[in-house]
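The structure under discussion appears below in the form of structure tokens.
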Amino acid sequence: MLAYRLLLWLYPASFRAEYGEEMCAVFARRRRRERAASLWASAVSDTVINAAAAHIDLARQDIRWTLRGWRRAPGFALLAIGVAALGMGATTTAFTLLNHVLIRPLPFPRADALVALYQTDHANNQPRDNVAPANLEDWRTMNRSFSSIGSYVAPIVPMTLTGHGEPMRLNGIVADSGFFATLGVAPLAGRVFSPDDDTDRGTPFGVILSHRLAVSLYQDAASAVGRAIRLNEQSPVVFGVMPPAFAVPNRSVDLWMPMRGVPAMARTRGNEILSVIARLAPDATFESVRADMAVVGRQLEDAYPEDNKGVGIGVVPLREVMSSQSWTSVVAVFAAACGLTLIACANLANLLFARAVGRRREMAVRIAIGAGRERIVRQLFTESLVLAAVGAAAGLVIALVSRRLLAFLVPSALPMDPTPQMDWRVLAFAVVLAAVTTVVFGVAPSWLAARGANFTLLRTLTADRRSNRLRSGLVVAELAATVVLLVVVGLLLKSMWVVQAVDPGFRTEGVLTLETALPIIEPAPARRAFYERVLTETRGLPTVVSAGYIGFLPMTWAAGNFLLAVPGLEPTNWPSVHLRFVTPDYFKTIGVPILSGRDVRDGDHQTAPLVAVISQSMIQKLWPGQDPIGRQLYLPFGSQSMNTMPTSRDIKDLTAWTVVGVVGDVAMRGLEAPSLPQLYLHADQLPDVMGFYAPKDLVVRATGDPLALAPALRRIVHEAKPQQAISGPRLLDDVVTEQTALRRAQLVVLTAFAGISLLLAGVGIHGLLAFMVSLRVQEVGVRMALGAQRGDVLRMFVGHGLVLAVVGVAVAVPLAYAAARSMTSLLFGVLPGDLIVYASAVLVALATTLTGSLQPAIRAASVDPTLTIRGE
Amino acid sequence: MDDVSRLLPLPPVTFHILLALADEDRHGYAIIQEVTERTGGALMLGAGTLYRSIHRMLEQGLIIETRERPAPEDDDERRRYYRITKLGVETAKAESKRLAELVKFARQRGFAPGRP
């Protein structure tokens, strides 16, 4: 019998209370007649089915009750749904991002076995350097950890495709056969590179197309295979087409080219140009791999002390290939969203509680006619659940809509589509979130209300200290979380200002840029003729002030760094510099000041003495306080020492360049990263092996709207070289603005969160005080009858709000500091304890409190004592 | 729609319970016994099915709980007795009529014995 009673616990309590005894009686009588086995079998199935049905019946009833209640109080319903949707929308959106960046497996078979390999040089603070080709060859033969290793040349190679209408500017990646073998993605059609394609012997020159490119050229993947395309005036065959989702190293890649295209100069130990990926052997673990590669690194250091001194090997899971900044950014957004959701929950809890109290008469009546307390709790709980479900659904919609904005926050280093995908994890998260928030904001008020409901007619609720303390605690928590969010946003906002105030070293207004990438193999005279013609005609346009060419615009490429040999200086003190080739007038056009000496000029032709223009910071490094003009610098072009780091002995083998001018420094690596000193050489003096560095970015300064020049510029380039693809034009200003795109996206998201939480906190305070005022109307009336002034009453309620705010701030400040400390990698030029930011956050929170409490306080102060006392 | 037709068609268990209460008030176990007997053992209501139906039928007003109790020697105080209401009777009649119509159609198509 006990067993049957236990079984009855499956029923809702109200049902059990009503019929439990009778059901036991029925069961007892049956037991006398029927065989135990069949009796129990039928009893269990009967109970399970009917208990579930009874629960569903009740849920239906309660949902109907909830919806009827919402129809009767649409204001409340809208507010509650809005709060739930905002709270859950924020978290669901942030989780979509988190899931995409940190959780979802990368789109490769057995993706967890994929790693990226780096050269590390901790002495020079380079934890993740690209890899020199010769080192990679040694890693391949010496390691015992990988089933395959692949590589690609890190910078994207701009390519021009002709023969399909307008010349197309394409992004090419030079990759080896190991690259495809390691990732393990089969081509959609045709084949990927085989080891034969890594050398320039044997197979013909062929390329692999992205799905996007194949479709745009030939409608479908299969018919692209085997065609010859016209690429940079060569005619490679299309070997294969990758599936649409394949985006390595990023989404912008249009085609993959074989390693054989890389000039021999790349096969050195000093030039770190390769990005390396590898697949762990089945029995390898990260620990064993790190140990193995540490040994390899040491052996290479011993074998090649000149190049590899201090160089180790870094092994990083491919999933984690992103800066700590990106990681922190994603986690910070998620944490902020969780904070916002907590605020929303606290708000809802207070809202639901106030409403439950408002309906206490209804509840009391229901209890009086026999509804158990359990039914009341259940009803309120169902209401919370429905609210959470609606909120979660709205949250999913919000996440879906804001995916494009989130794409800005996806680190570009991850080899995948930047637009976060909604998958089952996001869905599951929304469901769990709904469940958890229901418990968080639903249980307390249901319980309190049901407890209070029994005594409502005794009016003890007003004196129910415990529930008031709980409600005040919720408001304090809201305020505290808001202050933390405000501090975080404040710090990021200030960082943004600092970043934007960084002087890039050039002036962007009125400058248009246009990319015309000539093929690397273009013969020098043809290249020079092209620059000459384009620049002369551009300068002839009416609004053009000046025009010039550079290899890589500032802020578009962090690499291109060379070690400079300087006579009279120890080789260990030789500086690394950003090397760029420019045409005359580049500095004038982009607004980089010439501080002394002169610009490169037309007379510095190929056979004239080699000239160099240096940036100011190089003087401080090399010849402090001295005149640099006329001094000599040595670069390892075209000498045998290209393969190794030059030593002082080798200087005589190197090419000498004479400094003719000094210009201002430019933020080559962007606004936030420290740049190396810059070395500019004349485009006309570009050594043949340096074809990759040939100028390709045209800059034009114009009066009026520079974009109006676009058609004319396109025409000039087209006439100079009909097969030349053009990308752009775009404003130089946009290039700089792009620098802060990630920060801006971060700020937009977090500011939205902070704004919403501020609003919610204000609503929360207002709700709490309005509720307290409504409960204390009589008390206020009596006080005023006894001589209290309106000002006293006003002060009493506003004071109460401010006390809550002060407690909230006291809780928040240490939390905010901890949060700020954990996100220092996102801060720029601001300390995590920035006083002004904290003070502003506190002021904003106090102002919100004041605003929220004013209206209820004024209402309390305008109470008419005679009316309220008579009402009593 | 009136109260009766809103409830049609009746779930079979509800119809059986109404039939069981047609001639006299019964408590839960007596309803089970009556239904079992009448169907020759084909339908044996479980306690859960019975009381969930009763709960719903009380809400719908098809039956009421009666306070009249049998002589103390036949009574068990745990038992609750149910009586069919006027609405219950009308609903049962309407359901019977609905079923009869249905059978009539079935006969016309030769699916049921007897003359159309």
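Read phi for every residue in the range A:350-355 and hand back ³J(HN,Hα) as whole Hz from Karplus 6.51 cos²θ - 1.76 cosθ + 1.60, θ = phi - 60°, with x for Gly and Pro.
Rounded to whole hertz, the list is 5, 4, 5, 5, 4, 5.
Over the range A:187-241, what relative contact order in percent results from Cα pairs under 8 Å that are six or more residues apart?
Once normalised by length, the contact order is 47 percent.
Excluding same-chain residues fewer than 8 positions from A:LYS309, which aspartates and glutamates have a Cα within less than 15 Å of its Cα?
Partners within reach: A:ASP121, A:ASP129, A:GLU272, A:GLU301.
Please compute the average number of Cβ atoms from other chains found within 10 Å of each residue's Cβ in peptide A:224-236.
Mean shielding count: 0.
Would you kindly derive the ³J(HN,Hα) couplings of the range B:90-102 from the backbone phi angles with the Karplus curve 6.51 cos²θ - 1.76 cosθ + 1.60 (θ = phi - 60°), listing them in order in whole Hz, with x for Gly and Pro?
Couplings: 4, 5, 4, 5, 4, 5, 4, 5, 4, 5, 4, 4, 4 Hz.
Could you order peptides A:341-347, A:760-766 by the average number of other Cβ atoms within 10 Å of their residues, highest first?
Highest to lowest by the protection proxy: A:341-347, A:760-766.
Cα to Cα, under 27 Å, and not fewer than 8 places away if on the same chain: which lysines meet these conditions relative to B:LYS93?
B:LYS104
Taking the dipole about the Cα centre of the protein assembly as shown, with the C-beta of Lys and Arg at +1 and of Asp and Glu at -1, give me whichever of A:LEU58, A:MET796, A:LEU340 is farthest to the positive side.
My answer, from the dipole projection, is A:LEU58.
For the A and B pair, go ahead and give the buried accessible area with a 1.4 Å probe, both sides summed, in Å² to 100.
Approximately 1900 Å² gets buried when A meets B.
What ranking of B:MET44, A:MET690 comes out by heavy-atom accessible area, probe 1.4 Å, highest first?
Descending accessible area places them as B:MET44, A:MET690.
Are there any trypsin sites (Lys or Arg not before Pro) in the range A:1-81 that are in a DSSP loop and have at most 16 other Cβ atoms within 10 Å? List them by number.
Answer in residue order: A:ARG35.
Sorted by mean Cβ packing within 10 Å, highest first, what order do the peptides A:703-709, A:674-680, A:88-94, A:820-826 take?
Peptide ranking by packing, descending: A:88-94, A:674-680, A:820-826, A:703-709.
For peptide A:693-705, how many partner chain Cβ atoms fall within 10 Å of a residue's Cβ, on average?
Shielding by partners across A:693-705 averages 0.
Rounded, prolate or oblate for chain A? Axes are the square roots of the Cα gyration tensor eigenvalues, ordered a ≥ b ≥ c, and the cut-off for rounded is a/c under 1.5.
Note, shape of chain A comes out prolate.
Please give the length that would be gained between A:LEU67 and A:GLU137 if that part of the chain were fully extended, namely 0.36 nm times their separation in residues minus their C-alpha to C-alpha distance (nm, one decimal).
Answer, rounded to one decimal: 18.2 nm.
How about the range A:521-625: which trypsin sites (Lys or Arg not before Pro) there lie in a loop by DSSP and see at most 16 other Cβ atoms within 10 Å?
For trypsin sites (Lys or Arg not before Pro) across the range A:521-625 that sit outside H, G, I, E and B with at most 16 neighbouring Cβ atoms in 10 Å, the list reads A:ARG598, A:ARG601.
Go through the range B:34-54 and flag every residue whose accessible area shrinks by 50 Å² or more with all protein chains in place compared to the isolated chain (probe 1.4 Å).
B:ALA47, B:GLY48, B:TYR51, B:ARG52
Note down the nm distance, to one decimal, between modelled labels 7 Å out along Cα→Cβ at B:ASP23 and at A:ARG5.
Here the answer is 3.8 nm between the modelled labels.
Classify the range A:550-611 as rounded, prolate or oblate, taking a ≥ b ≥ c as the square roots of the eigenvalues of its Cα gyration tensor: rounded when a/c is under 1.5, otherwise prolate if a/b is larger than b/c and oblate if not.
Cα axes put the range A:550-611 in the oblate bin.
Give me the percent relative contact order of chain A, please, defined on Cα pairs under 8 angstrom at least 6 residues apart.
16 percent
If DNA, RNA and ligands are ignored and the probe is 1.4 Å, what is the ranking of A:THR508, A:THR182, A:THR556 by accessible area, most exposed first?
Highest to lowest solvent-accessible surface, that is A:THR556, A:THR508, A:THR182.
Taking R0 as 35 Å, what FRET efficiency do you get between A:ALA303 and A:ALA558 from their Cβ-Cβ distance, rounded to the nearest 0.05?
The computed FRET efficiency comes out at 0.75.
Grab the DSSP H runs of chain A that are 4 residues or longer, score each as -39,500 (n - 2.57), total them, divide by all residues and round the 222 nm result to the nearest 500 deg cm²/dmol.
-16500 deg cm²/dmol
Taking a cut-off of 25 Å between Cα atoms, list the lysines near A:LYS696, but don't count ones fewer than 8 places away on the same chain.
Of all the lysines, those that pass the test against A:LYS696 - Cα under 25 Å, at least 8 places apart if same chain - are A:LYS588, A:LYS721.
Nearest-5 percent of antiparallel DSSP beta bridges in chain A?
The answer is about 80 percent antiparallel.
For A:THR543 and A:ALA741 in the same chain, what is the full-extension length gain: residue separation times 0.36 nm, less their Cα-Cα distance, in nm?
68.2 nm
Any chance you could run the full-extension gain for A:LEU79 through A:ASP734? It's 0.36 nm times the residue separation minus the Cα-Cα distance, nm to one decimal.
Taking 0.36 nm per residue and subtracting the Cα distance, the gain is 231.7 nm.
Show me the ranking of peptides A:840-852, B:31-43 by mean Cβ neighbours inside 10 Å, starting with the highest.
A:840-852, B:31-43
Shape of the range A:520-643 from its Cα gyration tensor (a ≥ b ≥ c, root eigenvalues): rounded if a/c is under 1.5, otherwise prolate when a/b > b/c, or oblate?
prolate
Considering only C-alpha atoms, what is the centroid distance from the range A:1-65 to the range A:375-395, in Å?
Rounded to whole Å, the Cα centres lie 27 Å apart.
Please identify every one of the trypsin sites (Lys or Arg not before Pro) in the range A:207-249 that sits in a loop by DSSP and has no more than 14 other beta carbons within 10 Å of its own beta carbon.
Counting only loop positions with at most 14 other Cβ atoms within 10 Å, the trypsin sites (Lys or Arg not before Pro) in the range A:207-249 are A:ARG227.
Just add up the charged neighbours of B:ALA47: K/R +1, D/E -1, any other residue whose Cβ is under 9 Å from the Cβ of B:ALA47.
Value of the local net charge: -1.
Using a Förster distance of 30 angstrom, determine the FRET efficiency expected from the C-beta separation of A:GLU779 and A:VAL748, and round it to 0.05.
FRET efficiency, A:GLU779 to A:VAL748: 0.05.
Tell me the carbon and sulfur percent of the accessible area for chain A, rounded to whole percent, probe radius 1.4 Å.
Summing carbon and sulfur atoms, their accessible area is 61 percent of the total for chain A.
Can you pull the mean other chain C-beta count within 10 Å for peptide A:21-30?
So the per-residue partner count for this stretch is 6.
Compute the accessible area per residue over chain A, keeping the other protein chains in place, probe 1.4 Å, unit Å².
Using a 1.4 Å probe on heavy atoms only, each residue of chain A averages 43 Å².
The values are calculated or read from the model by the stated rules, or taken from the named source; none is laboratory data. What you see is a predicted model; the values in this text were computed from it and never measured. Ideal geometry is used to build each Cβ from the backbone, glycine not excepted, and the neighbour counts take in all protein chains shown. Side chains included, ligands, DNA and RNA excluded: accessible areas come from the protein's heavy atoms. Shrake-Rupley method; radii C 1.70, N 1.55, O 1.52, S 1.80 Å.
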